[in-house]
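Asker: Just passing along the structure, written as structure tokens.
The values are calculated or read from the model by the stated rules, or taken from the named source; none is laboratory data. Everything quoted here is computed from the prediction, not taken from an experiment. Virtual Cβ from ideal backbone geometry, glycine too; neighbours counted across all protein chains shown.
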Amino acid sequence: MTKKIILISSLIFSTLSANAQLNTLKKGLEAKSPIKTGTSSLSEDEVGKGLKEALNKGIEKGVSQLSKEGGYLNDISVKIPMPEEAKMIEIKLRAIGQDKLVDDVIESINKAAEDAANSSKELFVNAVKSLTLKDVMNILNGNNNAATEYLKTATRSDLVTKFTPIIKASLDKVGATKNWTSMTTAYNKIPLVKKVNPDLVDYSTNKAIDGLFVKIAKEELEIRENPGARTNDLLKKVFN
């Protein structure tokens, strides 16, 4: 009887051990198995590299467009208008022939945004580097602006911190602060108007950042939908 018990116990132990080894082997194979995207099979590493390359390409192009002269001012999709609280200032001053004063303020705000745009690249690149596999797959299989939304979440607060002193210095440099003071002073002298003086630095900072994300979203959509924008084999495979 004792021999039978020992034999049965041995068989059970052997079966459990074999199953455990099989499960371990299966997990190992699953971890190394390729990811299927479209009609291609890619490794996790390839998918990650492809998506990061696409993001960096979009960032580089978007930032480059905005940081050149007229990058904000001459592009209606990102041009920074007068602050909403100052719309009445614009209307009243234009009505009394002060168009140049208003135009100078708008132009100098947009120039300040151009000055700040180039400083965003480092933050964006660091955010891309820190992408996990889960982030990569969520972006790849997400909406057409999934990468842009990820970057917003990952970088917005840091961008505000970094942009604010640059915008402030740039507003002073390009004459926006002086123009703004002249404009609000002229407006506040008009009889019976409600005096206003919105925070120009905060407004310009947030509008400059909004413009960056508009451009990056445009580049992301281009890579997702236009095969011609996928400039190498890896991008073509990932976004096939």
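Asker: Looking at segment 127-151 only, could you name the residues that are touching a residue at least 60 places away in the same chain (Cβ under 8 Å), over 14 Å from Arg224 (Cβ atoms) and part of a loop (DSSP other than H, G, I, E, B)?
Answerer: Across segment 127-151, the qualifying residue is only Leu131.
Asker: Quick one: how many residues across segment 148-159 are closer than 11 Å to Leu123 by Cα and not basic (Lys, Arg)?
Answerer: Number of matching residues: 6.
Yes/no per residue for (1) modelled with pLDDT of 80 or more; (2) surrounded by fewer than 16 Cβ atoms within 10 Å (Cβ to Cβ); (3) of a type in the set (A, V, I, L, M, F, W, C):
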{"residue": "Tyr203", "(1), (2), (3)": "yes, no, no"}
{"residue": "Lys207", "(1), (2), (3)": "yes, no, no"}
{"residue": "Glu225", "(1), (2), (3)": "yes, yes, no"}
{"residue": "Asn232", "(1), (2), (3)": "no, yes, no"}
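Asker: Right, here's the next one. Just a yes or no: is a residue in segment 165-172 in contact (Cβ under 8 Å) with a residue 24 or more places away in the chain, closer than 17 Å to Leu55 by Cα, touching an Asp or Glu at 6+ places or on another chain (Cβ under 8 Å) and not charged (D, E, K, R)?
Answerer: no
Asker: Further question: Return yes when Lys162 is in contact with a Leu (Cβ under 9 Å, 6 or more places away or on another chain), in a helix (DSSP H, G or I) and not hydroxyl-bearing (Ser, Thr, Tyr) and no when it is not.
Answerer: Yes, satisfied.
Asker: Would you mind finding the one in Leu73, Leu123, Leu101 that is part of a helix (DSSP H, G or I), surrounded by 15 or more Cβ atoms within 10 Å (Cβ to Cβ) and more than 18 Å from the chain's Cα centre (by Cα)?
Answerer: Working: Leu73 fails: part of a helix (DSSP H, G or I); Leu123 fails: more than 18 Å from the chain's Cα centre (by Cα).
Exactly one residue qualifies, and that residue is Leu101.
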